[in-house]
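A quick write-up on the structure given underneath.
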Amino acid sequence: MFESAITRLTMWYVAIIMAISLLFSAWVYNAAVNELRGGLQHGAVRITIGKVDLTSIIDDELLASRQRLVVNLVLFNTAVLVVGAGASYLLARRTLRPIEESVEAQNRFTADASHELRTPLAAMKAEIEVALRDKNLKTQEARELLASNLEEIDRLSGLAEGLLTLARSDASPEMEVVDLSEVTAKVVKRLQPLAHVKDVHIALKTAPVKVRADYAHTDKIIGIIVDNAIKYSGRGQRVTVAVSRHDGYGLVAIDDKGRGIKEADLPHIFDRFYRADSARSSNGYGLGLAIAKKLAGDMRGFITATSEVGKGSSFELRLPKM
Ligand code: ADP
């Protein structure tokens, strides 16, 4: 598809270049012939010797000059065609490269998403088929199956929602003045029950910091990082969430003392569907941090992460200060 688009664009560029070159050649030809004719006639008047008629000599000279000019112009246009075609091809490739990359990324995204959707759907289908074949299926077993399927459906809904957030690249954030402490405190309060279940203690340190951001986006990002901090912490461990100001940015720092992230995994944790050590990972899809990074970028903010295996991780979200 791209090769044919490149060929068509190249042909358009070549057509434009050749049209300009041929027009230029026609103009040069006319101008040169007129100049030559004028010059030769003028010279002829001055060097008329006796009664010798110079008209035929002038015509011969003019014809020879014209032929030389045509040959030179043909050579010039051939050179323009060859060089122009090469340059047009390179230019067409360059022009279409970003579109090609974006289509490739979109295809990868679709393939990854289909893969992630297929696995749980296949598992659910198998479970249901086995249950249906069992003539003596008890109500209690059926209930367990439904509960397990419901859990899977919840995860799939989360996945669909995440995919939608990542795919909606044109939705621009609604920027407003956001009180970073307020939104952080709200997120922490919302996640307290989860922390409680895991016996993780969240220490919140706030300072009045106003940023320019989208409230819902900010809430979502902090939610993803704090949720991870709780998820990847051990029982009885502490998670610290601190809001402060730093170099023109509002900063939310989230530190945990959990299992940490391997050095090799760290550069990839913001990639879509990346799960470090997936066997031990929670039942997430590896979309959380990719979404957080995208939303932060949409608001001209950014997230950084540092970590040490066995010692814990630190995530920092920076958003432009008011
Ligand atoms: P997931 O849904 O798998 O948590 P994320 O995109 O949120 O997806 O995170 C990607 C991966 O980064 C996780 O699978 C996990 O391995 C790693 N990770 C993220 N946050 C932490 C953390 N606080 N501590 C340890 N590992 C983490």
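Each reported figure results from applying straightforward, stated rules to the coordinates on display, with no laboratory input. Keep in mind that what you see is a predicted model, and the values were worked out from it rather than measured. Glycine also receives a Cβ, built like all others from the backbone with ideal geometry; neighbour counts cover every protein chain displayed.
Would you please give the FRET efficiency between residue 167 and residue 75, computed as 1/(1 + (r/R0)^6) with r the Cβ-Cβ distance and R0 = 56 Å, to the nearest 0.05?
Details: r = 54 Å, r/R0 = 0.97.
The value I calculate is 0.55.
Using a Cα-Cα cut-off of under 13 Å, which aspartates and glutamates could be cross-linked to residue 189, ignoring same-chain neighbours fewer than 8 residues away?
Answer for residue 189, where 13 Å is the Cα cut-off: 219, 227, listed by chain and number.
So how strong a dipole does segment 48-153 carry about its Cα centre when Lys and Arg Cβ are +1 and Asp and Glu Cβ are -1, to the nearest 20 debye? Let's see the in-between values first.
Working: 13 positive and 16 negative charges, 40 e Å.
Here the size comes out at about 200 debye.
I need 306, 184, 10, 165 ordered by Cβ neighbour count within 10 Å, fewest first.
By the 10 Å Cβ count, ascending: 306, 165, 10, 184.
Can you pull the Kirkwood radius for segment 105-217, inverse mean 1/r over Cα pairs, to one decimal in Å? Write out the running numbers ahead of the final one.
Values: mean 1/r = 0.0545 Å⁻¹.
Its Kirkwood hydrodynamic radius stands at 18.4 Å.
If you split all Cα-Cα distances of segment 52-173 into 5 Å bins from zero, what percentages do you get per bin, shortest first?
Result returned by the calculation: 2, 8, 9, 9, 8, 7, 6, 6, 5, 5, 4, 4, 4, 4, 4, 3, 3, 3, 2, 2, 2, 1, 1, 0, 0, 0.
Hey, what number do you get for the chain at 222 nm if only DSSP H runs of n ≥ 4 count, each worth -39500 (n - 2.57), divided across all residues, to the nearest 500? Display every interim value, and only then the final one.
Working: 6 runs with 199 residues, N = 322.
Only helices count here, giving -22500 deg cm²/dmol.
Highest first, please rank the peptides 134-141, 246-253 by the mean number of other Cβ atoms sitting within 10 Å of their residues.
Working: 134-141: 8.8, 246-253: 17.6.
Ranked from most to least packed, the peptides come out as 246-253, 134-141.
What's the magnitude of the charge dipole for the chain around its Cα centre, counting Lys and Arg as +1 and Asp and Glu as -1 at the beta-carbon? Answer in Debye, nearest 20. Present the calculation step by step, with values, prior to reporting the outcome.
On the way: 42 positive and 39 negative charges, 120 e Å.
It works out to roughly 580 debye.
Multiply the residue separation of residue 94 and residue 15 by 0.36 nm, subtract the distance between their alpha-carbon atoms, and state the gained length in nm to one decimal. Intermediate results must be reported in sequence, preceding the final value.
Numbers: separation 79, 0.36 × 79 = 28.44 nm, distance 1.83 nm.
Extra length available between residue 94 and residue 15 comes to 26.6 nm.
Charges only on Cβ, +1 for Lys and Arg, -1 for Asp and Glu: so what's the dipole of segment 157-316 about the Cα centre, in debye to the nearest 20? Walk me through the numbers before you get to the answer.
On the way: 23 positive and 20 negative charges, 93 e Å.
For segment 157-316, the charge dipole is close to 440 debye.
For the pair residue 64/residue 322, report the inter-label distance in nm, with labels modelled 7 Å from Cα in the Cβ direction.
Here the modelled spin labels are 8.8 nm apart.
If packing is taken as the mean number of other Cβ atoms within 10 Å per residue, what is the order of 199-208, 174-183, highest first? Could the numbers behind the result be given before it?
Details: 199-208: 14.9, 174-183: 17.3.
Highest-to-lowest ranking by the protection proxy: 174-183, 199-208.
Could you list 18, 1 so that the one with the fewest beta carbons within 10 Å of its beta carbon is first and the one with the most is last?
On the way: 18 16, 1 7.
Fewest-to-most Cβ neighbours within 10 Å comes out as 1, 18.
If you average over every viewing direction, what projected area does the convex hull of the Cα atoms of segment 179-283 give, in nm²?
The orientation-averaged projected area of the Cα hull of segment 179-283 comes to 7.2 nm².
Students often forget the sequence filter, so: which aspartates and glutamates lie under 12 Å Cα-Cα from residue 321 once same-chain residues fewer than 8 apart are removed?
Hits, sequence-local ones excluded: 176, 179, 247.
Which FRET efficiency value, to the nearest 0.05, do you get for residue 56 and residue 33 by plugging their Cβ-Cβ distance into 1/(1 + (r/R0)^6) with R0 = 22 Å? Display every interim value, and only then the final one.
Numbers: r = 18 Å, r/R0 = 0.81.
Given R0 = 22 Å and the Cβ-Cβ separation, E is 0.80.
Could you give the nm distance between label points at residue 1 and residue 126, where each point is 7 Å from its Cα heading toward the beta carbon?
In this crude spin-label approximation the distance works out to 3.3 nm.
Given the convex hull over the Cα atoms of the chain, what projected area results after averaging over all orientations, in nm²? Present the calculation step by step, with values, prior to reporting the outcome.
Details: hull surface 119.9 nm².
Averaged projected hull area, Cα only: 30.0 nm².
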